[in-house]
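These notes concern the structure reproduced below.
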Amino acid sequence: TREDVLARIYTMPSTFGRVFRASIAENPVNPQATTLYILSRDRSGKLDIAPDTLKRNLSKYLNEFRLISDAYDILDGQIINFGVKYEAVVAQNANKQQVALNINNKLADLLQTKYFQIDQPLIVDDITSTILAQDFVIALAALRVFPITSAKDGREYSRSSFPFERSTKKGMIFGPPGAMFELKFPEFDIIGNVV
């Protein structure tokens, strides 16, 4: 089953390399093969494209467990870096700087990479709920989730992007097949304004 294959991937001996996230999908081009998207992490724990050596090792490792009729196309997952910009209305007696700091910390916790999988949508309502749940917050005046690409102020981001607005359905942002969302630099990518 798919679950068995994913379990094998995640328990592959570390001498072959380490897959951080994997996803299995039907192959739209070849119905006889299954598409396997994988991502790894760099030394700092950020998402990274898996090296070719890891893909070769994974292919050899899975070959020992597959049926004769099984075929896998191992592809790179797509990394979608994003940012969050919000404007929150707070009570008059609130310390605005402290409220903004609390909101930013809670959003950074909520959007940690460890909570995401390949092909998992980004749920905008979770971000909204997190902001509104903070002490002294009365309302959320504006919220925008947006892609961040290339280099910004010395920080390197993925080059992958897609139209977030058109890909939002029922409060969820769906990435392209094989994509995973990453809030890469929370201290810079969460932009808050408290009024």
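The values are calculated or read from the model by the stated rules, or taken from the named source; none is laboratory data. From a predicted model like this one, the values you see are computed outputs, not experimental measurements. Reconstructed Cβ throughout: ideal geometry from the backbone, glycine too, with neighbour counts over all protein chains shown. Side chains are part of the model used for accessible areas, which takes the heavy atoms of the whole protein and leaves out ligands, DNA and RNA. Shrake-Rupley method; radii C 1.70, N 1.55, O 1.52, S 1.80 Å.
Give the residues of region 163-174 that are open to solvent by 30 Å² or more (accessible area, probe 1.4 Å) and closer than 29 Å to Leu36 by Cβ, sorted by residue number.
Within region 163-174, Pro163, Arg166, Thr168, Lys169, Lys170, Met172, Phe174 qualify.
All conditions but one from (1) open to solvent by 30 Å² or more (accessible area, probe 1.4 Å); (2) part of a loop (DSSP other than H, G, I, E, B); (3) under 21 Å from Gly175 (Cβ atoms) apply to Ser44; the one that does not is (3).
Close Cβ contacts (under 7 Å, 6 or more residues apart or on different chains) running from residues in region 71-99 that are within 14 Å of Leu132 (Cβ to Cβ) and in contact (Cβ under 8 Å) with a residue 12 or more places away in the chain to residues that are open to solvent by 60 Å² or more (accessible area, probe 1.4 Å) and part of a helix (DSSP H, G or I) comprise Val90/Lys96. Suppose the filter is surrounded by 14 or more Cβ atoms within 10 Å (Cβ to Cβ), under 24 Å from the mean Cα position of the chain (by Cα) and closer than 28 Å to Glu156 by Cα; does Arg8 pass it? No; evaluated as a whole, the condition is false for this residue.
Scan the helices (runs of 4 or more DSSP H) fully inside region 76-195 and keep the ones with 3 or more residues being hydrophobic (A, V, I, L, M, F, W, C) and in contact with a strand residue (DSSP E or B) (Cβ under 8 Å, 6 or more places away or on another chain).
On the way: elements: 96-110, 124-132, 186-189.
Qualifying helices (runs of 4 or more DSSP H): 96-110, 124-132.
Scanning region 132-141 for residues that are hydrophobic (A, V, I, L, M, F, W, C) and either open to solvent by 30 Å² or more (accessible area, probe 1.4 Å) or in contact with a Phe, Trp or Tyr (Cβ under 6 Å, 6 or more places away or on another chain) (or both) yields Leu132, Ala133, Phe136, Ile138, Ala139, Leu140, Ala141.
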